Each structure stands twice: as structure tokens, then as C-alpha cells.
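Asker: Encoded as C-alpha cells, here's the structure I'll be asking about.
Please treat every number below as a calculation from the coordinates, not as lab data. All of these numbers come straight from a predicted model, not from anything done at the bench. Cβ: placed from backbone, ideal geometry, glycine included. Neighbour counts: every protein chain shown.
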Amino acid sequence: MDSSWGRPSACGGLSGRLALVEQVANLQADCQSAAPRGFRLSNAPSERYTRRDLLHKAARGTVLATLGGGAAFLVQKAHGQVVWQVDATRCLNSRLGVVGVEACKLCTTECVVALSAVRAVNEYSRCGRCNICPAYFNITSAVDERGLPSEKLCPRDAITRKPIGKADPEDPANNFYEYLIDEEKCDGCGKCVMQCKEPLGLGSIVLRIRYNRCVDCNRCAISRACPKDALIQVPVEQALRSQDGGRA
Amino acid sequence: MGGGLKPARGFSPAAALLLLATVAASAQSLPYQRPVDEAPQEKSIGGGYKTPAVQKPLPRSSWLQILDVAVLAAAMGISSWLVLKRRSRKSLAALAIGSLAYFGFYREGCICPIGSIQNVAVALTDPHYSIPMVVTATFFLPLVMAVFVGRAFCGGVCALGAIQELVLVKPLQVPRRLDRALGLLKYVYLGLALFFALKPAVARDFLICRFDPFVDFFRRTGPPHMLLLGSAFLLAGMFIGRPYCRYLCPYGGLLAWCTRLARRGVTITPDKELDCGLCTDACPYGAIEKMRAVRRNCLYCARCYAACPRDGDLAHAKAQLVNLS
Amino acid sequence: MHYRQVAVIGGKGAGPGQFSASLRSIAVDPAGNLYAANDSQITVFDEAGRPRRRWSTSQPVHSVAVAGDGAVYTGQIRQIEIFDRAGKLVRTWRDDTLAGRVTAIGFVDGDVLAGDATGRAIRRFDSNGRFRNNIGTDNPLNGLLIPNGVLDFGVDAHGIIHAANPGKHRVERYTPAGELLGHIGRFHGTDPAGFGGCCNPTNVAVRDRIYVTEKAGPRAKVYNFSGELEAVIAAGVFNANCKNMSVAVDRRGRVYVGDTVKLAIFVFEPVAI
């Protein structure tokens with residue numbers, strides 16, 4: 001006998017149980033010696049094929065047909081996966097024309113994933129490669145002896161700055177710099193996005209949902225909170241194909 | 001008149017919102033067009049520089065999604081075999097742990113058949129809604145299984161059920177009438193979920209996903225009130241068997257309907273000589289009434305078989321005995 | 001030094017003195033007439049601010065300047081169209097050295113200087129349109145740092161070219177042959193005497209002082225040739241989203257700044273304290 005798992009308290013004494021167990025053992029011995037396998041103990045009414053059985057069978061068939069039909073209908077209706085994306089023309093952090101407000105952090109706080117699936121992405125072909133990038137530096141901080149701001153903007157230090165192209169050995173200000181965002185560190189807080197936005201910057205940094213982290217909820221939790229309804233659902237091919245959200 | 005304001009960086013949120021309102025209002029009256037700009041290109045930068053490609057991480061591959069459905073089907077097959085044929089409580093518990101690990105902590109509870117009710121409902125009513133095939137499969141497979149063998153999904157496959165199974169340490173019997181009355185709540189929940197899911201796209205709300213008490217444990221993060229709710233359910237689940245499954249799960253309601261038609265399933269054969277009733281006491285879910293299995297409430301835990309003194313050789317001769325369920 | 005606003009010319013609209021699409025460049029001739037480029041259209045205002053003439057160009061205009069003989073030079077994409085004072089097209093210059101948008105035009109010693117924003121350099125042509133030399137390319141980056149898309153410069157009375165180099169937060173001085181003489185200005189995020197943001201100053205005009213405009217915190221300022229800030233001409237009147245505001249100075253020291261969002265020209269007059 002299989003050991004019990006969480007058996008509740010039973011009514012009836014233990015001795016009663018043991019007596020029953022003994023009875024069963026006897027019965028087992030009797031049955032095995034008396035009849036071969038396959039022996040029918042009685043010709044009970046339920047053994048015959050009744051109308052109830054027919055109804056049951058018909059009902060089962062109908063339900064299975066309905067389920068199958070429903071499944072087939074939905075399968076032929078399926079046209080690819082739909083994913084969530086941040087519309088850069090509506091997102092508060094990147095939408096043109098809005099200046100002087102704090103960066104919106106809802107993408108970080110609302111996403112159900114532990115570290116938000118929204119990350120800041122720098123579209124390199126649109127980046128100015130400026131010496132003093134307002135998204136990398138905190139441009140209101142004090143200027144150090146090299147002429148650069150002393151503080152960085154990103155609270156998680158996710159942006160790295162490196163010189164590119166030909167360098168001017170005498171004048172580090174006379175150089176192009178590339179700004180790379182480490183997506184492992186970024187949490188989508190939007191500060192760099194807001195600073196990069198026109199007219200202060202060139203608007204090359206946008207917030208994007210990263211599909212290797214997004215769990216693709218039926219209703220994105222960020223979309224429920226977004227004050228600008230900037231979260232949209234697009235087919236996955238379109239989301240991967242588009243370079244940007246289609247900026248105004 | 002636009003406010004020619006310097007970008008200020010120390011605003012409180014309330015002031016920022018007010019500022020936003022005024023600036024947005026003024027910005028609307030003067031549509032701001034993207035001014036001319038031209039970022040430096042590779043040729044201009046020189047020095048052998050190449051513009052790095054912007055990464056585009058891909059979502060979960062479709063093969064892996066199909067694998068999830070295959071694992072679901074296989075797990076249900078194993079579950080029904082373990083309960084109906086092998087009748088092994090230990091093996092079923094092992095399956096439950098495996099399902100919890102895969103569907104719970106690895107897939108983080110999504111996609112689940114419970115939530116897929118909403119997707120299917122929307123897909124049937126909204127012509128613009130696209131439902132992926134794996135979601136359709138996730139919805140229909142456990143139901144088809146239920147039409148044949150009952151709630152194999154509930155026993156050891158559903159991650160939400162598994163987590164509640166594993167905390168059930170001291171099951172108490174809920175009085176029958178209370179149990180049946182509470183069981184109606186799941187149809188109320190089903191109705192509510194459908195009502196909110198069938199709203200137009202902008203107002204659509206997926207309640208089952210939002211109020212899933214256990215998904216935040218699977219994700220290892222969540223708002224405090226949901227973690228509290230999940231903990232409350234687990235705490236209650238230590239003494240009351242699977243409260244979410246029995247009283248709230250909308251999919252359980254659908255499975256119950258389908259199980260009514262099942263030909264096979266957990267069977268208790270009444271035997272006048274051996275009405276020990278150990279199985280009735282062993283079942284934490286109130287699925288055995290008057291020595292007969294109420295298949296639609298049976299959650300495939302195999303405790304009845306584990307408690308039955310007859311289990312063993314004679315159990316395999318079930319087919320010959322009277323079948324009155 | 002102190003400045004006060006005396007007039008607002010133009011505005012957004014379709015009327016004879018209004019601008020419908022953009023306000024990319026303004027210029028002042030010695031007589032005090034004001035020339036404004038509105039997309040493919042040049043509008044001329046008299047000293048009192050009344051619209052006098054208007055004509056169309058074949059392509060969108062990025063810069064406008066008036067030569068000593070009254071000819072109006074308009075910088076477009078890879079070409080310069082020259083009109084007489086009545087608005088009739090006289091000549092079109094096309095040159096391979098012009099890589100893209102000509103965002104500023106100046107004159108020195110009878111030569112014409114064209115600021116090529118795409119090529120990040122100032123091209124010098126003789127009066128017939130033949131290329132002579134580049135200015136600003138004699139450095140490892142082969143040009144000025146122009147992330148904001150507009151290269152602007154001014155020429156002072158001595159023939160020295162003062163070019164805004166926004167990526168370096170400087171106004172650099174060059175000879176017409178292209179030799180770098182020096183610069184004024186530095187980056188500073190909060191000090192008004194410094195240039196803030198990523199690329200400032202965007203535009204510059206020169207007469208007896210250096211007048212600059214900035215973006216992102218749009219303002220107009222005036223420096224002396226030693227680089228000292230003399231005054232902040234205006235800061236709060238421009239739309240916050242302005243970028244690359246064109247600036248011009250007439251012989252009386254009145255400063256004209258073109259607001260690129262409101263599409264209006266603000267006129268400021270110096271007031272002795």
C-alpha cells in the first residue's frame with residue numbers, strides 16, 4: 001500500500017481500521033484463488049449499454065466537436081505574434097516640444113519584470129558624438145580642470161564614453177566620442193532620454209522594450225500607467241524592422 | 001505664449017506636472033517641427049570608424065513556444081498515467097515539483113491556460129485581435145484532456161495548483177455545503193474576467209493575469225499587496241486544500257464542465273463489505289461523496305488511492321468490479 | 001550693457017509680413033533693411049519693420065546674406081542662388097566642394113564665404129564662384145564640430161572670420177586663408193558666460209562685438225573680442241524649443257534674432273545703463 005500523504009484525521013478507531021485491513025487481505029486471497037482475471041462479479045444494470053450512456057457519448061462528441069471547431073477557427077485566425085513597443089512620438093521623455101520637466105520613470109517602476117524590460121537605446125547613426133553629451137554628463141554639475149562636467153548623469157552608470165575616429169592629440173575637446181549604453185545596467189529610467197531630446201540633444205536615445213526580457217503581457221502594466229498612452233502593440237516583424245518609433 | 005524656460009532639473013513631480021500641462025498646452029498651439037539636423041556619418045568621422053549596429057533582441061523563439069505546449073501535453077499525459085494507472089502519490093508529487101519548476105519559475109507562470117480564457121474570448125469576438133497558435137493550444141489541450149480523463153491538468157501540471165499542493169500539510173475538511181457554495185465564486189470570477197476582457201481594446205482589462213496571486217512568487221518580484229495576497233493564499237492553503245483552485249479558478253469551472261463527460265477518471269468502487277471511508281477522509285478537496293468520486297471536483301492528487309487499504313493487487317482489477325460513478 | 005526688446009517682426013501666418021513654414025536665416029544690409037528666409041521664400045522688411053518685397057527661390061533656403069553691392073546671396077543645398085535687390089535671379093553657383101546645406105554666407109575682400117554644414121567647413125569662393133580654399137579643415141578632424149546641423153560665422157571689419165564651433169563650445173577666429181588665430185568661450189553648465197548643453201553657440205554675428213545665440217535654454221548674448229561676456233541680450237522671450245536661431249546686427253547695434261518656433265524676429269536695442 002502506498003504511504004499516505006497528508007491523511008486527515010479519520011473517524012473510527014484504529015482497531016476498526018485494522019480489522020478492515022484484515023478483511024481486505026482475506027478478500028484478496030479469496031478472489032485471487034477463486035476466479036481468474038476477467039471474471040465478472042455480477043451482471044449489474046449499469047453494465048448494459050443504456051440510454052444514459054448514449055447521451056453521454058453524444059454529449060462528449062458534441063463537446064469535442066465544439067472544442068475542435070473552436071480551436072480550428074482560432075488557429076486559422078492566428079496571424080503572428082504581437083509585441084509591445086514604446087512609441088517615441090508619444091513618450092514623454094522623447095516627444096518633441098516638451099521641455100523643462102523631469103524624466104518620466106514609469107517604464108522602470110511599472111514593468112512586472114524584476115529589472116524592467118524597457119531600456120534606453122542609442123541609435124548610433126543619429127547620435128551627434130558630441131564631446132560633452134548631456135545624456136552622459138550632468139551638465140549642470142561643476143566643470144573640472146579638463147573643461148568637462150564632473151558628474152555623470154546615469155544613476156546606474158550604464159553609459160560609457162569612448163573617443164572614436166581620428167583624435168586630436170593636442171585638444172581632447174576636438175574629437176568625436178561614442179556613447180554606448182550597457183543594457184545590463186540600464187533600467188529604463190529615462191533620464192538620458194530626456195536630456196538627449198531636442199533641442200538640447202539630437203534625440204538619438206529612445207526608450208525601447210527589449211524582447212528578450214519582456215514577457216509580453218496581455219495588457220502591459222506600463223501601458224496602463226503611461227500618461228501619454230505611448231505603449232502600443234505592433235506585430236513583431238514590424239517592431240524589429242522599424243528603426244525608430246516614427247518621430248514627428 | 002510659450003514659456004522660454006531653461007530645462008530645470010530639480011522640480012517636484014507636482015510642479016513638473018503643472019509645468020508640463022502649461023508647456024504642452026503652449027506647445028500644441030505652436031506645432032514644433034523637427035528642425036534640420038545631421039548627425040556626423042562614418043565618412044565624416046573618419047579614422048576607420050564604423051557605426052555600431054543598434055541591437056534588436058528577439059523574443060522567445062517559436063520553437064521554444066511549441067516546446068512549452070509539448071511539455072504541457074506530455075505532463076498531462078504523465079499526470080493521468082500516474083494517477084489512473086500507477087496511482088502513485090509520490091510520483092505525482094515529483095511531477096508537481098517539476099511542473100512548478102518549469103511552468104512556474106522558468107516560464108514565470110505565463111502563458112497559462114487560466115489566463116488564456118481571456119485571450120480566446122477576445123479572439124472570438126474581436127476581429128482585430130490576433131491570438132497566437134500556442135495560446136489556442138494552451139487553452140484547448142487541457143479541456144480536451146478533461147473530456148476524456150478529467151482534470152489531469154490540475155493534478156501536477158498547473159503551476160498554481162502545484163505550489164498550493166506542496167504547502168498542504170494539514171488538510172482540514174471544509175463542510176460540504178460551504179464548499180459547494182464557495183465553489184460558485186469561480187463562476188462569478190469567470191463572468192467578471194470575461195466582462196472585462198470583452199471590453200473594447202482601450203478599456204480591456206485582463207483580470208486573471210492581474211490578480212494572479214502566485215505569479216509574483218514565480219517572477220520573484222511584485223507589488224507588496226499582491227505578494228501579501230499570494231502569501232495569504234499559501235498560508236490558507238496549508239490547511240484548506242488548494243483554495244484558489246477550488247473557489248476561484250475560472251478555468252477550473254470550465255474543466256469541471258468537461259469532466260462531466262469523461263469516461264475515464266478517478267474511480268472509487270463502492271464495496272458494501274469494505275466501506276472503510278478512508279478515501280473520503282483522505283481527499284482534501286471534497287471530491288468523494290458517499291464513497292463515489294465526484295470527478296468534476298477531483299484535482300488528481302491521488303491521495304484517495306494512497307489511503308485505500310485495497311490499493312495494490314486488487315486495484316488493477318478495477319475494471320472487473322462494479323463501476324457506479 | 002543692457003538690451004531691451006523694441007519690436008517683433010513677422011510671426012506665424014500667411015500674410016505679407018508673416019512666415020508660414022520656417023525661419024532659418026536673417027540678414028541686415030547697410031541700409032538697415034531686414035532679409036528673412038522662410039523656406040523657399042525671401043521677405044524683405046524695411047527699417048521700420050514693414051514688409052516690402054517677397055520672392056521665391058527654387059529650393060529651400062538655409063542662409064541669406066547681402067553683399068556690398070546689394071546682391072542677395074541665398075545658400076541652399078549644394079548651391080548658392082544670387083538675386084539682385086529687386087528679387088530677380090542673377091546667377092546660380094554650384095560647386096562640388098559644397099557637400100550639402102549652405103547655412104551661412106559671408107564676404108571678405110571681394111570673396112564669398114559659404115558655410116557648408118554637411119562638410120563641416122567654410123568654403124571660400126572668389127567673386128566669380130571659383131573655389132579658393134577651405135577654412136576650418138586644418139585640424140585632425142578635417143572640420144568644425146557641427147552636431148546641430150548649422151554652421152554659422154561672421155566677418156568683422158578686419159576681415160577676420162569668427163566661426164561658431166558648437167561641438168567645442170567656442171567661437172574660433174580664422175584668417176581668410178584658413179589659419180586658426182584663436183578662440184573665445186568655453187563650456188559651462190551654469191555660468192551664463194559659458195556655453196551650455198551639447199552644442200552651443202549655434203549662430204554668430206559679428207560687427208564690433210561678437211553676438212551669439214544658443215539653444216536649450218535659448219538665449220542671445222554678446223561678447224567682446226577678448227571673450228568677456230558683455231550682456232545677455234535676451235533669454236526668456238524665445239520659445240523653449242528653439243534651435244539654431246539666426247542672428248544679425250545692423251550698424252546701429254540693434255540685434256535681430258529669429259525665433260525658429262514662433263517664426264518671428266525679435267529686435268533688441270542696446271540701452272546705456
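Asker: Using amide H atoms built in the peptide plane, which far-off residues or other-chain residues are under 5 Å from A:ILE159 H to H?
Answerer: Placed amide hydrogens put A:ASP182 under 5 Å from A:ILE159.
Asker: Using only the Cα atoms of chain C, construct the convex hull and provide its projected area averaged over every direction, in square nanometres to one decimal. Write down the numbers at each step before the final one.
Answerer: Numbers: hull surface 51.0 nm².
Hull-based average projected area comes out at 12.7 nm².
Asker: Let me ask something else about it. For B:ARG60, project a label point 7 Å along Cα to C-beta. Then give me every residue of segment B:209-253 with its amide nitrogen under 15 Å of that point.
Answerer: B:215-216, B:218-220
Asker: Be a star and scan segment A:221-236 for residues whose amide nitrogen sits under 15 Å from the point 7 Å along the Cα-to-Cβ vector of A:ALA78.
Answerer: A:236
Asker: Another question, then. Rounded to the nearest 0.05, what FRET efficiency do B:LYS199 and A:THR50 give with R0 = 51 Å and r taken as the Cβ-Cβ distance? Could you check?
Answerer: Working: r = 46 Å, r/R0 = 0.90.
Here the calculated transfer efficiency is 0.65.
Asker: Based on the alpha-carbon set only, what is the convex hull volume of the protein assembly as shown divided per residue, in Å³?
Answerer: Dividing the Cα hull volume of the protein assembly as shown by its residues yields 192 Å³.
Asker: Still on this model: So the label point goes 7 Å from the Cα of B:LEU192 along Cα→C-beta, right? Which residues of segment B:205-230 then have their backbone N under 19 Å from it?
Answerer: Under 19 Å, as judged by backbone N against the label point of B:LEU192, lie B:205-216, B:223-230 of segment B:205-230.
Asker: Over 26 Å between C-alpha atoms is what I'm after, so list which of C:LYS221/C:LYS243; B:LYS85/B:LYS186; C:LYS88/C:LYS215; A:LYS105/A:LYS197 land there. Don't skip to the end; give the middle numbers.
Answerer: Working: C:LYS221/C:LYS243 15 Å; B:LYS85/B:LYS186 30 Å; C:LYS88/C:LYS215 35 Å; A:LYS105/A:LYS197 16 Å.
Correct reply: B:LYS85/B:LYS186; C:LYS88/C:LYS215.
Asker: Where does the charge balance sit around B:LEU67 when Lys and Arg score +1, Asp and Glu -1, over other residues with C-beta under 14 Å from its C-beta?
Answerer: +1
Asker: Starting from the Cα of C:GLU47, step 7 Å along the direction of its Cβ; do the same at A:ARG241; then give the gap between the two resulting points in nm.
Answerer: 6.1
Asker: Still on this structure, I have one more. Within 10 Å of each Cβ in C:239-248, how many Cβ atoms from other chains are there, averaged over the peptide? Let's see the in-between values first.
Answerer: Numbers: counts 12, 15, 17, 5, 8, 4, 0, 0, 0, 0.
If you average over the peptide's residues, the count of other-chain Cβ atoms is 6.
Asker: Here's something else I'd like to know. How would you order C:144-152, B:177-185, A:228-236 from highest to lowest mean count of nearby Cβ atoms within 10 Å?
Answerer: Working: C:144-152: 27.7, B:177-185: 13.1, A:228-236: 17.2.
Order by mean packing, descending: C:144-152, A:228-236, B:177-185.
Asker: Can you give me the relative contact order of segment A:82-241 as a percent, contacts being Cα pairs under 8 Å and 6 or more apart? Could the numbers behind the result be given before it?
Answerer: Numbers: 297 pairs, mean separation 63.6, N = 160.
Rounded, it is 40 percent for segment A:82-241.
Asker: Now for a separate question. Give the relative contact order (percent, whole number) for segment C:136-207; include only Cα pairs under 8 Å separated by 6+ residues. Spell out each step's value before the answer.
Answerer: Numbers: 156 pairs, mean separation 22.7, N = 72.
Contact order relative to length: 32 percent.
Asker: Which value, in debye to the nearest 20, gives the size of the charge dipole of the protein assembly as shown about its Cα centre, when Lys and Arg are +1 and Asp and Glu are -1 at the Cβ? Let's see the in-between values first.
Answerer: Numbers: 102 positive and 70 negative charges, 750 e Å.
It comes to approximately 3600 debye.
Asker: What does the charge count near C:ARG94 come to, summing +1 for each Lys or Arg and -1 for each Asp or Glu among other residues with Cβ under 11 Å from its Cβ? Show your work: numbers first, answer last.
Answerer: On the way: positive: C:ARG78, C:ARG91; negative: C:GLU81, C:ASP95, C:ASP96.
That sum, taken over residues with Cβ under 11 Å, equals -1.
Asker: Got a sec to turn the phi values of segment C:17-23 into Karplus ³J(HN,Hα) couplings, 6.51 cos²θ - 1.76 cosθ + 1.60 with θ = phi - 60°, whole Hz, x for Gly and Pro?
Answerer: x, 10, 10, 9, 10, 7, 9
Asker: Between C:ALA235 and C:SER40, what FRET efficiency comes out of the Förster formula 1/(1 + (r/R0)^6) with R0 = 22 Å and r the beta carbon distance, rounded to 0.05? Kindly include the intermediate steps, with their values, before the conclusion.
Answerer: On the way: r = 31 Å, r/R0 = 1.43.
For R0 = 22 Å, the calculated efficiency reads 0.10.
Asker: Can you give the mean number of other chain Cβ atoms that lie within 10 Å of the Cβ atoms in peptide A:49-59? Please list the in-between numbers first.
Answerer: Numbers: counts 0, 0, 0, 0, 1, 0, 1, 4, 2, 1, 3.
The mean count of partner-chain Cβ atoms within 10 Å per residue comes to 1.
Asker: So, one more: With a cut-off of 8 Å between alpha carbons and a minimum separation of six or more residues, what is the relative contact order of chain C in percent? Walk me through the numbers on the way to the answer.
Answerer: Details: 780 pairs, mean separation 46.8, N = 273.
Once normalised by length, the contact order is 17 percent.
Asker: Separate question: Sorted by mean Cβ packing within 10 Å, highest first, what order do the peptides B:60-71, B:209-220, A:96-107, B:189-200 take? Present the calculation step by step, with values, prior to reporting the outcome.
Answerer: Numbers: B:60-71: 13.9, B:209-220: 20.1, A:96-107: 22.7, B:189-200: 16.1.
With the highest mean Cβ count within 10 Å placed first, the list reads A:96-107, B:209-220, B:189-200, B:60-71.
Asker: Per residue of segment A:206-213, in order, report the coupling 6.51 cos²θ - 1.76 cosθ + 1.60 (Karplus, θ = phi - 60°) as ³J(HN,Hα) in whole Hz, putting x for Gly and Pro.
Answerer: Here the 3J(HN,Hα) series is 10, 8, 9, 7, 9, 6, 7, 10 Hz.
Asker: Partner chain Cβ atoms within 10 Å, averaged over the residues of C:110-123 - can you pull that number for me?
Answerer: Working: counts 0, 0, 0, 0, 0, 0, 0, 3, 4, 1, 3, 0, 0, 0.
Average neighbour count from other chains, rounded to a whole number: 1.
Asker: Taking the Cα atoms of segment B:98-250 alone, what are Rg (to one decimal) and Dmax (as a whole number) in Å?
Answerer: According to the Cα coordinates of segment B:98-250, Rg and Dmax are 15.7, 49 Å.
Asker: Could I ask something else about it? Apply the Karplus curve 6.51 cos²θ - 1.76 cosθ + 1.60, θ = phi - 60°, to the phi angles in segment B:220-229 and return the couplings in whole Hz, x for Gly and Pro.
Answerer: Working through the residues one at a time gives 6, 6, x, x, x, 5, 6, 5, 5, 4 Hz.
Asker: Lys and Arg at +1, Asp and Glu at -1: add these up for the other residues within a Cβ distance under 10 Å of C:PHE125 and post the number.
Answerer: Details: positive: C:ARG123, C:ARG124, C:ARG130, C:ARG132; negative: C:ASP95, C:ASP111, C:ASP126.
Spelling it out: positives minus negatives among the neighbours equals +1.
Asker: Which one, A:LEU231, B:GLN118, C:GLN41, projects farthest toward the positive side of the charge dipole computed for the protein assembly as shown from Cβ point charges (K/R +1, D/E -1)?
Answerer: Positive-most Cα among the choices belongs to B:GLN118.
Asker: Measure off 7 Å from each Cα along the Cα-to-Cβ vector at A:ASP168 and B:ALA101, then give the distance between these two points in nanometres to one decimal.
Answerer: Between A:ASP168 and B:ALA101, the label points sit 6.1 nm apart.
Asker: Let me ask something else. Rounded to the nearest 20 Debye, what is the dipole magnitude of segment C:1-101 about its Cα centre when Lys and Arg each give +1 and Asp and Glu each give -1 at the C-beta? Don't skip to the end; give the middle numbers.
Answerer: Numbers: 13 positive and 9 negative charges, 56 e Å.
So the magnitude is around 260 debye.
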